[in-house]
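Since every read-out is calculated from the coordinates, none of them should be taken as a lab result. Please read all numbers here as calculations on a predicted model, not as lab measurements. Ideal geometry is used to build each Cβ from the backbone, glycine not excepted, and the neighbour counts take in all protein chains shown.
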Amino acid sequence: MEPNGSSTGPLLSAEQLIYAITVPLSTAIILANLLIILGIVCNRQLHNTPNYFFLSLLVADLCTGVALPFIPWMGLNRQLSFSSCLVAHVFPNFLFLAFLLNLVMVHYERYTCIASPLHYSRLWVHRRFPVALLVVWAPPLLYAALPAFGWNNWSAPDWDYCCPTGVGGGATTETQEAACAANATSSLCCSYRRVFPNAFIYLEVYGLVLPAILAIAGMTGRVLWITRGQLRDICRLHRSLERGAQASDREQRLNLRYARCVVAVSLTFLACWLPYIIYMHVCVAFLLSEARWSSTTHIVLSCTGVGSMAVVPLVLGMANRQYTDPAGRILHKLRDRWRTKLPRRGEEIAL
């Protein structure tokens, strides 16, 4: 579901730009996910259904971090065979959809826990965890694999934009134009337009991705609204039990804490989702216009959009100390051992 891009420079510069952006970001996402996964696995008190859902989300986010360096290549044309081209486009798309559906399931599970706390244990999400886990992994795989079952444009006769992004570091413009003309209808020319038809892209963007983002925003807003109502009830209880300055001070602290929570959630949503929403609509706009655009623009937008979205589970995990305490204790032990070794080395040097 990536836009087309034709590089104005050699392929090596695009490759360097992709790895310069994605490798540090991918490494940080992978390490942070492993840190939180370690915290959940090591703490037996966290072995319950809500944390299993969150663990599934972390695994999907970990896979997204691994696939992040390959996602910008989906919008750049390359010389690949039919099977290799399908794998290069279908597999990252599956991981992205699985990550998004896992994120929706985690928000839905937490929303039902807050909205219906008395009926939560009787909900199907809580009682049938394997079925819910199958729901968040199987449909993304089936939908992403549709191009492999025939819903593609691989045999289309006209491909004006299906040109390699570069023949080599020292290739001239004439050589690149000749290679583009020679490979315009070749089976070695891999483009997202050959793998994903326009209907497939529209259905994924406006039928799956955008409704999922709106559902997450709606559930988050509903949780904040419920929390606001509970906060008012607590303030009324304080007023009935304790009157005077002390009760008002408590109300001010509670209101301040709630305001900080709203600001933090709003900023997190804008920082993590807004770049991807912009990237998604820019992709659709260029798809409708069928215009060529710089590969540099595509690389930067895709990396920042997908990378910022992959940070959402990390923000949710880092906010819970139960997830980070085991890894923090391990880091403290390593630091203490390192500090105890330093004086011994100093004494050996002195002797």
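Things worth noting here:
- Stokes-Einstein, applied to the Kirkwood radius of the range 34-87 over Cα pairs at a viscosity of 0.890 mPa s and 25 °C, places its translational diffusion at 180 µm² s⁻¹.
- Size descriptors for the range 23-154 (Cα atoms only): Rg and Dmax, in that order, 17.4, 57 Å.
- LEU142 versus VAL300: modelled label distance in nm, points set 7 Å from Cα along the beta carbon direction: 4.1 nm
- By average C-beta atoms within 10 angstrom, highest first, the peptides 205-217, 297-309: 297-309, 205-217
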